[in-house]
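Below: one structure, written as structure tokens.
The values are calculated or read from the model by the stated rules, or taken from the named source; none is laboratory data. Just so we're clear, the structure is a prediction, and the values are computed from it rather than from any experiment. Methodologically, a virtual Cβ is constructed for each residue, glycine included, from the backbone with ideal geometry; neighbour enumeration extends over all protein chains shown.
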Amino acid sequence: MTGRRIPIIPTILVLAAAGVMVALGFWQLRRLHEKEALLARYQSAHTQAAEVPWPATEAAAQLSLYRHSRLLCARVIERRGIAGRSARGEAGLAVYAQCVLPDGSQAKVVMGWARDPAAQGNWNGGEVRGVIAPGPRLVADPPLGGLEANERPDPSEIPNNHLAYAGQWFFFALTALIVYAVALRRRRLS
């Protein structure tokens, strides 16, 4: 039998799904512009030499990323190492210290870099100068506790994939419509 009618409910569902995918694509395009503005702000901060106070809140930390700062570590309560790179680009261990500040709050400090996984540095607190990195954490400059300089935080390493994501959502919407059109055509011909 040919000339079957188009099914209403499946058609509505496919069109609604495609509409949602297109909306997600446009949302990713808006996010692209927001991310570009954020990255431009971070790049500008990256080049400024003036220090800002160590951020007391998460919101303040977001506004201070990639700026120079300092803090006073009253005592170190934990040290640990994670994979990291030196200022020369060598792979090794970034040594972190969890510090208690004079007001009782805590802060993460990247003390420096070591090739040896057993290295923990011999720093137990004091004033730290460096660059605020995401986390937030203060990447010490100069390094502390006999460690080497860690790689400086760089905002250019933050990915901005929103254009690709937008393209994927538009492609998914188009694919859904084409697959549904082919299914309708086959149904009509059967």
> Can you tell me which of Gly121, Gly135 is in a loop (DSSP other than H, G, I, E, B) and closer than 24 Å to Pro159 by Cβ?
Replying inline: Gly135
>> So in segment 79-93, with the set limited to residues that are charged (D, E, K, R) and more than 15 Å from Gly145 (Cβ to Cβ), which one is surrounded by the most Cβ atoms within 10 Å (Cβ to Cβ)?
In response: Arg85
> Any idea how many residues of segment 110-163 are loosely packed, with under 14 Cβ neighbours inside 10 Å and aromatic (Phe, Trp, Tyr)?
Replying inline: 0
> Is it the case that some residue within segment 114-127 is in contact with a Lys or Arg (Cβ under 8 Å, 6 or more places away or on another chain), of a type outside the set (Gly, Ala, Ser) and within 21 Å of Ala61 (Cα to Cα)?
Replying inline: yes
>> Pairs please, first residue from segment 170-190 and of a type in the set (Lys, Arg), second anywhere and surrounded by 10 or more Cβ atoms within 10 Å (Cβ to Cβ), Cβ atoms under 7 Å, 6+ apart in sequence or on different chains.
In response: Arg187/Arg4; Arg188/Arg4
> Within segment 52-72, how many residues turn out to be over 16 Å from the mean Cα position of the chain (by Cα) and either part of a helix (DSSP H, G or I) or modelled with pLDDT of 90 or more (or both)?
Replying inline: 11
> Since Gln120 meets every condition but one in (1) modelled with pLDDT of 95 or more; (2) farther than 30 Å from Ala23 by Cα, which condition does it not meet?
Replying inline: (1)
> In segment 1-43, what count of residues is obtained for those that are of a type in the set (D, E, K, R), touching a residue at least 40 places away in the same chain (Cβ under 8 Å), under 26 Å from Thr175 (Cα atoms) and assigned to a helix (DSSP H, G or I)?
Replying inline: 1
> In the list Ala164, Ala83, which residue meets the criterion of being at pLDDT 95 or above, under 27 Å from the mean Cα position of the chain (by Cα), within 29 Å of Leu63 (Cα to Cα) and of a type in the set (Gly, Ala, Ser)?
Replying inline: Ala164
>> Which residue is surrounded by the most Cβ atoms within 10 Å (Cβ to Cβ), if the candidates are limited to segment 38-58 and must be of a type outside the set (Gly, Ala, Ser) and more than 26 Å from Asn160 (Cβ to Cβ)?
In response: Trp54
> What's the number of the condition Ala97 fails, among (1) hydrophobic (A, V, I, L, M, F, W, C); (2) farther than 20 Å from Pro153 by Cβ; (3) in contact (Cβ under 8 Å) with a residue 24 or more places away in the chain?
Replying inline: (2)
